[in-house]
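Undergrad: Quick one: this structure, given as structure tokens, is what I'll be asking you about.
The values are calculated or read from the model by the stated rules, or taken from the named source; none is laboratory data. It should be emphasised that the depicted structure is a prediction, and the values quoted were computed from it without experimental measurement. Counting neighbours? That spans all protein chains shown, and the Cβs are built from the backbone with ideal geometry, glycine included.
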Amino acid sequence: MLSGRRFDRKPMFLSNDPTNVSVAEVTITYCRPCRYQPKAIQDADAILKEFGEELSDVRLVPGADGVYDVEVDGTLIFSLDQAMRFPETPELIRKIRAKIGPTNSGQRKA
């Protein structure tokens with residue numbers, strides 16, 4: 001024993017596991033009074049089917065004032081206010097893929 005001091009060991013985690021990568025968060029903010037919730041749910045479902053475990057979260061956030069914004073990790077990738085139209089689902093998929101990069105295998109999911 002060294003001078004009565006106790007040394008606590010802290011765990012160290014090192015991994016070469018390719019599945020241990022940071023994953024993205026997608027947020028869809030939609031106007032509840034405008035009844036945009038069904039569109040938000042439809043887009044969230046398509047996003048989850050396409051990206052699955054590549055995402056940490058898909059969040060639906062009720063808003064107001066005609067908002068329909070889609071963000072990836074806090075970066076706006078689509079805004080109804082700016083585009084003056086709703087996003088097409090394949091368009092959202094492309095924009096999210098461009099933001100988060102290719103799948104682990106480098107192949108798009110079928």
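Undergrad: Of all residues in the range 79-104, count the ones that are of a type in the set (S, T, N, Q) and surrounded by fewer than 11 Cβ atoms within 10 Å (Cβ to Cβ). Before you say what the answer is, go through the steps one by one.
TA: Our first condition is that a residue be of a type in the set (S, T, N, Q); within the range 79-104, this holds for 79, 82, 89, 103-104.
Still in the running and surrounded by fewer than 11 Cβ atoms within 10 Å (Cβ to Cβ): 82.
Result for the range 79-104: 1.
Undergrad: Would you please name the residue that is farthest from ARG32 (Cα to Cα), looking only at residues in the range 63-78 that are under 16 Å from the mean Cα position of the chain (by Cα) and surrounded by 14 or more Cβ atoms within 10 Å (Cβ to Cβ)? Talk me through it step by step, then tell me what you get.
TA: Initially, the range 63-78 is screened for residues under 16 Å from the mean Cα position of the chain (by Cα), giving 68-78.
Okay, now just the ones that are also surrounded by 14 or more Cβ atoms within 10 Å (Cβ to Cβ), so 68-73, 77-78.
Details: TYR68: 10, ASP69: 13, VAL70: 15, GLU71: 18, VAL72: 21, ASP73: 22, ILE77: 20, PHE78: 18 Å.
In this case the residue turns out to be ASP73.
Undergrad: Return the residues of the range 57-68 that are closer than 20 Å to PRO102 by Cα and of a type in the set (A, V, I, L, M); say none if nothing qualifies.
TA: Of everything in the range 57-68, just one residue is closer than 20 Å to PRO102 by Cα and of a type in the set (A, V, I, L, M), namely VAL58.
Undergrad: Hey, does the range 43-53 have a residue that's β-branched (Val, Ile, Thr), modelled with pLDDT of 95 or more and part of a strand (DSSP E or B)?
TA: Within the range 43-53, the first condition is being β-branched (Val, Ile, Thr), and the residues that meet it are 47.
In the following step, the residues that additionally are modelled with pLDDT of 95 or more were identified as 47.
If we keep only those that are part of a strand (DSSP E or B) too, we end up with none.
Taking every residue of the range 43-53 in turn, none turns out to be β-branched (Val, Ile, Thr), modelled with pLDDT of 95 or more and part of a strand (DSSP E or B).
Undergrad: When you scan the range 30-56, how many residues do you find that are farther than 20 Å from ALA98 by Cα and touching an Asp or Glu at 6+ places or on another chain (Cβ under 9 Å)?
TA: 4
Undergrad: Okay, moving on. Just checking, which of ARG5, ARG85, ARG94, ARG59 is charged (D, E, K, R), assigned to a loop (DSSP other than H, G, I, E, B) and at pLDDT 95 or above?
TA: On the way: ARG5 fails: at pLDDT 95 or above; ARG94 fails: assigned to a loop (DSSP other than H, G, I, E, B); ARG59 fails: assigned to a loop (DSSP other than H, G, I, E, B).
Unique residue meeting the criteria: ARG85.
Undergrad: Related question: Out of all the residues in the range 62-82, which are in a helix (DSSP H, G or I) and either at positive phi or touching a residue at least 12 places away in the same chain (Cβ under 8 Å) (or both)?
TA: Within the range 62-82, the subset in a helix (DSSP H, G or I) is 80-82.
The answer is LEU80, ASP81.
Undergrad: Quick one: is VAL58 more than 18 Å from GLU25 (Cα to Cα), aliphatic (A, V, I, L, M), in contact (Cβ under 8 Å) with a residue 24 or more places away in the chain and surrounded by 13 or more Cβ atoms within 10 Å (Cβ to Cβ)? Talk me through it step by step, then tell me what you get.
TA: Numbers: more than 18 Å from GLU25 (Cα to Cα): no; aliphatic (A, V, I, L, M): yes; in contact (Cβ under 8 Å) with a residue 24 or more places away in the chain: yes; surrounded by 13 or more Cβ atoms within 10 Å (Cβ to Cβ): yes.
Taking the combined requirement at face value, the residue does not satisfy it.
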